[in-house]
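Each remark here refers to the structure printed beneath this line.
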């Protein structure tokens with residue numbers, strides 16, 4: 001299966017701290033995306049990083065991609081209570097298909 | 001702009017009943033995806049359409065599940081007959097095919113239908 005796996009499964013930090021979540025996947029990709037899901041809501045796209053990129057920033061988010069290790073990380077700096085959510089990585093199916101494979105998610109809790 | 005709209009938000013029904021979930025994608029999007037989310041199995045892709053045509057339905061659990069997209073602005077996922085193990089949150093998502101196949105534009109999700117089969 002191409003499905004990614006996030007690590008850790010759950011993470012609890014104090015407001016103001018940084019949160020790092022990792023994603024590993026199994027086969028070659030064109031790009032990798034990160035999504036966020038608040039309780040009872042749908043997933044929301046955060047950032048996309050292409051296979052020829054190593055790092056990408058968006059506001060307080062920093063994503064890295066290491067295609068040699070088939071892994072990615074999502075760093076949220078200066079976390080806020082509102083960042084409490086589940087975070088998923090998603091990889092493309094390859095071969096021109098446009099569906100995604102979602103990982104198992106990291107549940108982040110930011111304590112005020 | 002309106003996002004992806006799903007209905008109903010919640011559905012509780014008895015085993016054996018037919019269930020129909022509805023989705024209105026974002027206007028202009030030409031890919032539509034149906035997912036199922038459970039604690040045990042995570043987020044599973046059931047089926048997706050490009051330009052109203054089903055491309056991959058390998059995730060549909062069994063013949064009790066069917067999906068249609070009669071036009072660019074509407075899709076249904078039907079379960080008949082429903083079983084307790086079908087209880088889950090069902091999400092619809094849409095995206096653009098801009099950039100061609102494989103470019104993987106971001107997917108926009110609805111807020112899901114929470115389905116409970118008693």
For peptide A:36-43, compute the average count of partner chain beta-carbon atoms within 10 Å of each residue's beta-carbon. 5
Cα centroid of segment B:17-64 to Cα centroid of segment A:46-112, whole Å: 23
How are the alpha carbon pair distances in chain A distributed across 5 Å bins from zero to the largest one, expressed in percent? 2, 13, 24, 25, 19, 10, 5, 1, 0
Given an 8 Å cut-off on Cα distances and at least 6 residues of separation, report the relative contact order of segment A:1-81 as a percent. 33
How high is the relative contact order of segment B:59-118, in percent, with contacts defined as C-alpha pairs under 8 Å that are six or more residues apart? 30
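Just tell me how shielded B:106-112 is by partners: mean number of partner chain Cβ atoms within 10 Å of each residue's Cβ, no decimals.
On the way: counts 10, 11, 4, 7, 3, 4, 5.
Taking all residues of B:106-112 together, the mean is 6.
Given that compact globular proteins tend to follow 2.2 N^0.38 Å, what is the ratio of the alpha-carbon Rg of the protein assembly as shown to that value? Intermediate values should be presented prior to the final figure.
Details: Rg = 17.6 Å, N = 230, 2.2 N^0.38 = 17.4 Å.
Rounded to two decimals, the normalised Rg is 1.01.
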Quick check on the exposure proxy: order A:12, B:94 from fewest to most C-beta atoms within 10 angstrom. A:12, B:94
Shielding by partners, peptide A:81-93 (average Cβ within 10 angstrom, other chains): 1
How much of the pair distance distribution for segment A:40-94 lies past 15 Å, counting alpha-carbon pairs only, in percent? 53
Taking every pair of alpha-carbon atoms in segment B:55-118, what share in percent sits in each 5 Å bin, from 0 to the bin with the longest distance? 4, 13, 20, 25, 19, 11, 6, 2, 0
Nearest-0.05 FRET efficiency for residue A:53 and residue A:80, computed from C-beta distance (R0 30 Å): 0.70
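Considering Cα pairs under 8 angstrom that are at least six residues apart, work out the relative contact order of chain B and quote it in whole percent. Mind dumping the intermediate values first?
Numbers: 290 pairs, mean separation 42.7, N = 118.
Averaging sequence separation for qualifying contacts and normalising by length gives 36 percent for chain B.
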Would you mind listing how long segment B:10-118 runs along its three principal axes, going by Cα atoms, in whole Å with the largest first? 44, 28, 23
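None of the figures in this text is laboratory data; all of them are computed from the coordinates on show. Note that the structure is predicted; figures quoted are calculated from it, not measured. Methodologically, a virtual Cβ is constructed for each residue, glycine included, from the backbone with ideal geometry; neighbour enumeration extends over all protein chains shown.
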